[in-house]
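Trainee: Dropping a structure here in structure tokens format, bear with me for questions.
FYI, it's all coordinate maths here, none of it is from the lab. On a predicted model such as this, the values are computed, not experimentally measured, just so you know. We place every Cβ from the backbone using ideal geometry, glycine too, and count neighbours over all the protein chains shown.
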């Protein structure tokens, strides 16, 4: 396999790439949603709620929601970028753990809400996101936790100099 240092560098690189993809998709959703790029997706959503062609105001609102979600995704990607940077630089296992918790909290809810509306495409997109994010986060957590435990000197002895007594 790969030495831990190389594996860590590849996994962090993967997460940086995933973060940049989130940012790019967020920008496209916000600034190109009204251009027709997502007409098929919007039509699919509209059919789930209207059963046919949605009225013009509903279509306009759907495009607005798409742009708003894009802006939210941009913000999310910057938080994700910051966490990847902090986790990489300081090798803090809990950073990877919190990212795993965030993804594991979001995906099942998004899938459940989408399936209630009959929108199966979110099941596939969210499952893909889980597949590409959770394994590297898990491995980074394990790698950094092992390194943390290997360098941990244990609790401070109460009799040792410099300890708070």
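Conditions tested, residue by residue: (1) part of a helix (DSSP H, G or I); (2) under 22 Å from residue 132 (Cβ atoms); (3) under 18 Å from the mean Cα position of the chain (by Cα).
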residue: 8; (1), (2), (3): yes, yes, no
residue: 22; (1), (2), (3): yes, yes, yes
residue: 43; (1), (2), (3): yes, no, no
residue: 46; (1), (2), (3): yes, no, no
residue: 49; (1), (2), (3): yes, no, no
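Trainee: Right, something else. Condition test on residue 62, is it surrounded by 17 or more Cβ atoms within 10 Å (Cβ to Cβ) and in a helix (DSSP H, G or I)?
Mentor: Taking the combined requirement at face value, the residue satisfies it.
Trainee: Restricting attention to segment 125-140, report how many residues are over 25 Å from residue 5 (Cβ atoms) and touching a residue at least 24 places away in the same chain (Cβ under 8 Å).
Mentor: The qualifying residues number 2.
Trainee: I'd like to check something: does segment 100-115 contain any residue that is within 30 Å of residue 146 (Cα to Cα), touching a helix residue (DSSP H, G or I) at 6+ places or on another chain (Cβ under 7 Å), surrounded by 14 or more Cβ atoms within 10 Å (Cβ to Cβ) and free of Cβ contacts under 8 Å to residues at least 40 places away in the same chain? Outline the logic, then answer.
Mentor: Restricting attention to segment 100-115, the residues satisfying the condition of being within 30 Å of residue 146 (Cα to Cα) are 100-108.
Add one more test, that the residue is touching a helix residue (DSSP H, G or I) at 6+ places or on another chain (Cβ under 7 Å), and what stays is 100, 103, 107.
From what's left, surrounded by 14 or more Cβ atoms within 10 Å (Cβ to Cβ): 100, 103, 107.
Add one more test, that the residue is free of Cβ contacts under 8 Å to residues at least 40 places away in the same chain, and what stays is 103, 107.
Within segment 100-115, one or more residues are within 30 Å of residue 146 (Cα to Cα), touching a helix residue (DSSP H, G or I) at 6+ places or on another chain (Cβ under 7 Å), surrounded by 14 or more Cβ atoms within 10 Å (Cβ to Cβ) and free of Cβ contacts under 8 Å to residues at least 40 places away in the same chain.
Trainee: What residue, of 33, 26, is surrounded by 15 or more Cβ atoms within 10 Å (Cβ to Cβ), touching a residue at least 40 places away in the same chain (Cβ under 8 Å) and in a helix (DSSP H, G or I)?
Mentor: Details: 33 fails: touching a residue at least 40 places away in the same chain (Cβ under 8 Å).
Criteria check complete, one pass: 26.
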